[in-house]
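FYI, it's all coordinate maths here, none of it is from the lab. Small disclaimer: the values here were computed from a predicted structure and weren't measured. Here Cβ is always computed from backbone atoms with ideal geometry, including for glycine, and neighbour counts include all displayed protein chains.
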Amino acid sequence: RVCVGVCFKEFSKKFSGFSSLIAAESFNYKKFFEMVGLKKKSPEDVKKVFHILDKDQSGFIEEEELKFVLKGFTPEGRDLSDKETKALLAAGDKDGDGKIGAD
């Protein structure tokens with residue numbers, strides 16, 4: 001949870017203009033993950049974030065868990081639309097099984 005807290009704090013400090021991602025149908029997963037600094041985190045820290053997003057602790061992040069990703073990063077967060085969720089899932093689902101694994 002430490003990494004996620006740090007990511008959230010960095011995000012809040014740097015990007016007070018978060019409203020561009022909050023508006024309906026405006027979510028861009030590449031921009032979002034760049035904004036929260038996950039690309040700069042160690043593989044261990046990224047796995048910690050993964051396990052927090054994996055609410056049911058199944059070892060995978062499924063479509064239903066992805067819908068709430070913005071709420072985990074900011075109090076103003078909203079649920080992703082079905083279209084946004086499917087786009088995010090497709091980007092992370094490397095083997096086409098409908099879920100994102102930790103690797």
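Its relative contact order, with pairs defined as Cα atoms under 8 Å and 6+ residues apart, puts the range 29-101 at 24 percent. The residue among Gly101, Phe33, Ala90 whose Cα reaches farthest toward the positive pole of the charge dipole of the range 29-101, with charges on the beta-carbon of Lys, Arg, Asp and Glu, is Phe33. Do any GluC sites (Glu not before Pro) in the range 18-103 lie in a loop, going by DSSP, with at most 16 other beta-carbon atoms within 10 Å of their beta carbon, and if so which? Answer by residue number: Glu25, Glu76. The trypsin sites (Lys or Arg not before Pro) of the range 42-103 that meet both conditions, a loop assignment by DSSP and at most 11 other Cβ atoms within 10 Å of the site Cβ, are Lys94.
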